[in-house]
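The values are calculated or read from the model by the stated rules, or taken from the named source; none is laboratory data. Here the structure is a predicted model, which is why all the values come from computation and not from measurement. Every residue, glycine as well, gets a Cβ built from its backbone with ideal geometry; the counts of neighbours run over all protein chains shown.
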Amino acid sequence: MSKRSKWVYIVGTVLVILLCAAIAMTALLALGRIRIGTPDLPDIGLDLPEDLPSIDPPGGGGGGGTGGGGDGPGIPGDDPAQPGDDPGGSGDDPAQPGDDPGGSGDPGGEPGDGSQGEWGDVQFPDFSGGGSGGTGGSGSGSGSPMLDESGQIGAPEGGGESGSGGTGGGSLGFATVALTVYADEDARVYFRYKSFGDYTGQAWGGAVSYPVAEGYGMNYLPSYRLGQGAWNSVWMKIIVNGTQYLQPYYFDLDNEEMGGENYTVQTDDVVCSGSTELPYSLWCYDYDYVRDGLPREELPADMKPVEAAYRAFVYENYLSVPDGTNELLQSIIAERGWNKNREGVIAEIAQYIKNVARYDSGYDRALDQEEDIVSAFLTRYRAGVCQHFASAATLLYRALGIPARYVIGYVGDTQANTYVNILSSNAHAWVEVYLDGFGWVNVEVTGSAGSGDSWGGDVIAARPLRFISSSASKMYDGQPLRADVTLQTWAGDLLPGHSYAISSRTQLTSVGKTVNLFRGVRILDEDGNDVTYLYAIEKEYGVLEVEARPITLVTGSATKEYDGTPLTCADYTLEGYYGLVEGHRMRVELSGARTERGKSENGVVFLTIYDEDGNDVTGNYAIEVRYGTLRVI
């Protein structure tokens, strides 16, 4: 072989090898086996939620971190057949000697494809998926759905069926489960999150709260009155996928299980709050004001002055209408001959708003740039989504002198004795109207697309799954304590070909106890598609505990004859089986000193233990001190 041919052979061989390597790399990236720019990150330590079992939170300083949260959609784990551990992102550095290495991304859901189901009206500008990096900024990963709290009316430019397009919801193949409900009867349920105050032309401003110091807030007023009758109660268990607490309407306060399991009684009348880490259950009346009318029963005598005081507050805060908008609304009221005291007027206005415009997810987005969206919606555009219908109805009720407020949440139909998943595309806006002597009632005002309830909702009958995190304990050794999360097949199993992945789990390093939380449970089919919406996922948490590491410090002893100078001894030793964790060091200053004849203890004035990064970890040790003796003879 000539020298030229030899070099051609070598160069050709190298090129073939490089080409094969490139093909292999591409295949591995497609399978998720290799990640560029997203290195494996440590599990996070999660704070103890208020409504979980009463367990002392972990000791130490808590995760600091200068890093922001993850900004990606999250990765389902290296092996879909096993629970993965990749969070969406993580903080960089632990600023303090606490338990956790910064924060981490929450579950990584699918980012959505811009399309929507039938409700998708309320925007989802971000998700809780990013998490936070200790004290760092929050990320923007896509995971649990979050209702837009800005009060802005309308959908983003180029969005999906409506406001939530692009970042949430999506078609069923990419659906995000907003909440899971198990009920003992069929019912349409409105899950309230937040109401708003004054209309600004393009948005709704914040509402003024009327909180109570303790007990039930003012949103429970209708429950007291319904409780005087014989209304049918529906029992339901609710699992929220996200951090925004959701509350159905009209509670059965007399039922001994009203508080149910983990339910948080609401004291604020504007926004619902509570822990969503565990399912909660309760009983609610199957009541609809437009359908059933005002109950004949009256409030209990002791509640009447409470309602009267709150009514005055409501009339002061929920009748405002801008002058320009009010002029149009008054002309509509005059044309229709409505009177606020006429029976059935609330239902008439709801029906008018449903018919005045067409529900259309592809409405002209120029509407949302109008200075007065409601007036433009009612007169020129005549098409929109639930935010437009609810905004128009709220102002029309107010113009008539009936207190009303704009509300956001989710709506879905329960199925008797079945788990159903209510998807992110069921985000919705509606109206609450205040009835004197009764309280707030929800009123549906959104119209249809002309062929039935096109916004009737994505509600999927779901297969129950139960995941349990183990309990574990150990002696402090400077390393994180973790425990497995397992699927309990006796409570329901995966469909053939399906697997699960878990994006984040709790870890505990410092001495203390914490609930072994886990997040980001995703179910994947054999092709790697997210099919979590087919399942109703419940969680049961174990407890992690790290016990103090015992060490014994023995201070030195010394003896001398009296010479008028102090006798000291700076020596000390560590005894016992365990000793310090490898890499830790201890700084000790002894206080013993004796000049006169006699004896005394060689005490300790300062004792601190540091880890390899210089953090104070003394609190993780159970320190026994045995004092030496200083003797002057």
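Listing for the model above:
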item	result
Counted residues, region 201-232 - those being over 17 Å from Val433 (Cα atoms) and among the β-branched types (Val, Ile, Thr)	1
Number of the exception - Val181 against (1) surrounded by 22 or more Cβ atoms within 10 Å (Cβ to Cβ); (2) at pLDDT below 95; (3) β-branched (Val, Ile, Thr)	(2)
Any hit, region 241-256, residues being farther than 29 Å from Leu423 by Cα, touching a Gly at 6+ places or on another chain (Cβ under 7 Å), of a type in the set (Asp, Glu) and at pLDDT below 90	yes
Residue count for region 307-335, restricted to those that are aliphatic (A, V, I, L, M) and in contact (Cβ under 8 Å) with a residue 60 or more places away in the chain	6
Region 336-377, residues that are touching a residue at least 24 places away in the same chain (Cβ under 8 Å), surrounded by 18 or more Cβ atoms within 10 Å (Cβ to Cβ) and among the small types (Gly, Ala, Ser)	Ala350, Ala357, Ser361, Ser375
Any hit, region 311-330, residues being aromatic (Phe, Trp, Tyr), surrounded by fewer than 19 Cβ atoms within 10 Å (Cβ to Cβ) and modelled with pLDDT of 95 or more	yes
Selected residue [under 41 Å from the mean Cα position of the chain (by Cα) and under 30 Å from Asn421 (Cα atoms)] from Glu540, Glu547, Glu612, Glu582	Glu540
Within region 509-539, tally of residues that are surrounded by fewer than 18 Cβ atoms within 10 Å (Cβ to Cβ) and either in contact with a helix residue (DSSP H, G or I) (Cβ under 7 Å, 6 or more places away or on another chain) or within 17 Å of Arg463 (Cα to Cα) (or both)	2
Residues that are surrounded by fewer than 22 Cβ atoms within 10 Å (Cβ to Cβ) and within 25 Å of the chain's Cα centre (by Cα), drawn from region 195-205	Gly197, Ala203, Gly205
Flag if Gly401 is over 21 Å from Pro322 (Cα atoms), out of contact with any Gly (no Cβ under 7 Å at 6 or more places or on another chain) and in a loop (DSSP other than H, G, I, E, B)	no
Residue within region 543-562 that is closer than 24 Å to Thr276 by Cβ and of a type outside the set (Asp, Glu) present	yes
Which numbered condition Asp527 misses (of (1) outside any strand (DSSP E or B); (2) over 30 Å from Gln488 (Cα atoms))	(2)
Residues (surrounded by fewer than 18 Cβ atoms within 10 Å (Cβ to Cβ), touching a residue at least 60 places away in the same chain (Cβ under 8 Å) and small (Gly, Ala, Ser)) located in region 468-505	Ser470, Ser471, Ala472, Ser473, Gly478
Test: Gly274 is on the phi > 0 side of the Ramachandran plot and part of a loop (DSSP other than H, G, I, E, B)	yes
Any chance Asp413 is assigned by TED's automatic domain parsing to the domain that holds Cys272, more than 30 Å from Lys304 (Cβ to Cβ) and at pLDDT below 95	yes
Qualifying residue in region 378-393 (condition: buried (at least 23 other Cβ atoms within 10 Å of the Cβ), hydroxyl-bearing (Ser, Thr, Tyr) and touching a residue at least 40 places away in the same chain (Cβ under 8 Å))	yes
Failed item, numbered, when Leu221 is tested on (1) in a strand (DSSP E or B); (2) modelled with pLDDT of 95 or more; (3) in contact with a helix residue (DSSP H, G or I) (Cβ under 7 Å, 6 or more places away or on another chain)	(1)
